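Notes follow once the structure below has been shown.
The values are calculated or read from the model by the stated rules, or taken from the named source; none is laboratory data. This structure is a prediction, so every number in the text was calculated from the model and none was measured. In this analysis, Cβ positions are derived from the backbone assuming ideal geometry, glycine residues included, and neighbour counts consider all displayed protein chains.
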Amino acid sequence: MFNITNATGGYGKTTIIQDIDIQVQPGEVVALLGRNGVGKSTLMKYAAGHIPPMGGSVCMDGQAVAANPTQRAKSGIGYVPQGRFVFPRMSVVENIAVAASANGYPLQESVDELLSFFPMLKPKAHDLAGGLSGGQQQVLALARALAIRPKILLLDEPTEGVQPSIIDEMAGILKQINQDWQISMLVAEQDLDFCLSISSRAYIMEKGQIRRALENEALKEDKVLQQELLGV
């Protein structure tokens with residue numbers, strides 16, 4: 001189980017998120033929703049260890065994990081940041097291999113497994129990542145995160161800059177990963193329809209805090225809440 005408890009953090013002396021509690025059960029997909037600027041990306045960086053905590057903790061399977069990205073990755077926390085983040089001057093294969101190697105997993109086995117799982121990357125296997133389309137880079141970023149064999153994936157705005165046709169395909173990929181590999185996911189998004197298609201429940205953020213936690217069916221029915229907190 002993945003837990004964020006009393007998370008407080010930000011940049012410099014500026015606090016962006018405060019006293020946030022989130023729980024994701026094994027094999028569960030949870031959405032993190034909210035308008036732009038409410039602190040979703042800051043919370044994801046906090047969880048992945050990319051900003052120093054001002055307070056709170058992150059636990060995996062009941063054990064607190066050290067507050068740095070390397071230890072959090074080794075504890076089973078995979079992170080796909082907003083903007084994708086791939087190494088543009090490395091090939092698709094090299095991007096996957098670097099992630100696998102950094103966490104002690106066999107290179108060729110990892111590359112073969114992930115290229116098989118993401119067939120759209122196979123024809124581009126030896127192309128530079130910087131030359132891929134936005135959708136292909138997003139899939140590569142996902143493959144890189146999976147190369148560390150995580151227990152949970154933190155996905156920050158995975159549909160940003162991706163064509164609508166690829167968004168539908170991405171939803172299918174994430175559902176298949178969740179089903180086949182039993183990987184938990186916390187998905188930060190503004191695209192409500194995308195999140196409803198892959199998750200079972202949601203946390204809604206406002207002004208750096210969790211405003212509501214509810215099941216998807218309740219969220220679908222509450223049009224007033226959708227307009228107030230999500231602007232849809």
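Can you tell which of ASN68, ASN6, ASN36 is out of contact with any strand residue (DSSP E or B) (no Cβ under 8 Å at 6 or more places or on another chain) and over 19 Å from ALA102 (Cβ atoms)?
ASN36
Could you please find all residues in the stretch 10-40 being on the phi < 0 side of the Ramachandran plot, buried (at least 21 other Cβ atoms within 10 Å of the Cβ) and of a type outside the set (A, V, I, L, M)?
Correct list: LYS40 only.
Looking at VAL187, is it under 17 Å from GLY34 (Cβ atoms) and modelled with pLDDT of 90 or more?
It is true that VAL187 is under 17 Å from GLY34 (Cβ atoms) and modelled with pLDDT of 90 or more.
Name, by its number, the condition in (1) surrounded by fewer than 21 Cβ atoms within 10 Å (Cβ to Cβ); (2) touching a residue at least 12 places away in the same chain (Cβ under 8 Å) that does not hold for ALA129.
Single failed check for ALA129: (1).
Quick one: count up the residues across the stretch 190-231 that are under 15 Å from VAL38 (Cα atoms) and in a loop (DSSP other than H, G, I, E, B).
Going through the stretch 190-231 one residue at a time, the tally reaches 5.
Tally time: how many residues in the stretch 178-218 are out of contact with any strand residue (DSSP E or B) (no Cβ under 8 Å at 6 or more places or on another chain) and surrounded by fewer than 20 Cβ atoms within 10 Å (Cβ to Cβ)?
Number satisfying all stated conditions: 10.
From the list LYS175, LYS122, exactly one residue is among the basic types (Lys, Arg), exposed (fewer than 14 other Cβ atoms within 10 Å of the Cβ), touching a helix residue (DSSP H, G or I) at 6+ places or on another chain (Cβ under 6 Å) and assigned to a helix (DSSP H, G or I). Which is it?
Going through LYS175, LYS122 in turn, the sole match is LYS122.
So, restricting to strands (runs of 3 or more DSSP E) that lie completely within the stretch 1-113, which ones have at least 3 residues that are at pLDDT 95 or above, within 14 Å of the chain's Cα centre (by Cα) and closer than 30 Å to ASP193 by Cα?
Answer list for the stretch 1-113: 29-33.
Quick one: would you say ALA73 is closer than 27 Å to LYS207 by Cβ, touching a residue at least 24 places away in the same chain (Cβ under 8 Å) and in contact with a Phe, Trp or Tyr (Cβ under 9 Å, 6 or more places away or on another chain)?
The answer is no for ALA73.
Being among the charged types (D, E, K, R), without any contact (Cβ under 8 Å) to a residue 40 or more places away in the chain and under 20 Å from MET170 (Cα atoms) narrows it down to one residue among GLU113, GLU94; which is it?
From the options GLU113, GLU94, the qualifying one is GLU113.
Residues in the stretch 160-198 that are among the polar types (S, T, N, Q) and under 23 Å from LEU115 (Cβ atoms): how many?
Counting residues in the stretch 160-198 that are among the polar types (S, T, N, Q) and under 23 Å from LEU115 (Cβ atoms) gives 6.
Out of the stretch 194-213, which residues are in contact with an Asp or Glu (Cβ under 8 Å, 6 or more places away or on another chain) and over 16 Å from GLU157 (Cα atoms)?
SER200, ARG201, GLN209, ILE210 - these are the residues of the stretch 194-213 that are in contact with an Asp or Glu (Cβ under 8 Å, 6 or more places away or on another chain) and over 16 Å from GLU157 (Cα atoms).
Just a yes or no: is a residue in the stretch 125-140 outside any helix (DSSP H, G or I), under 30 Å from ILE4 (Cα atoms) and out of contact with any helix residue (DSSP H, G or I) (no Cβ under 7 Å at 6 or more places or on another chain)?
Checked against the condition, which is being outside any helix (DSSP H, G or I), under 30 Å from ILE4 (Cα atoms) and out of contact with any helix residue (DSSP H, G or I) (no Cβ under 7 Å at 6 or more places or on another chain), the stretch 125-140 yields no hits at all.
Scan the stretch 149-167 and tell me whether some residue there is part of a helix (DSSP H, G or I) and under 14 Å from the mean Cα position of the chain (by Cα).
Checked against the condition, which is being part of a helix (DSSP H, G or I) and under 14 Å from the mean Cα position of the chain (by Cα), the stretch 149-167 yields no hits at all.
Which one of the conditions (1) charged (D, E, K, R); (2) within 21 Å of ALA47 (Cα to Cα); (3) touching a helix residue (DSSP H, G or I) at 6+ places or on another chain (Cβ under 9 Å) does LYS207 fail to meet, given that it meets all the rest?
Here LYS207 meets the rest and fails (3).
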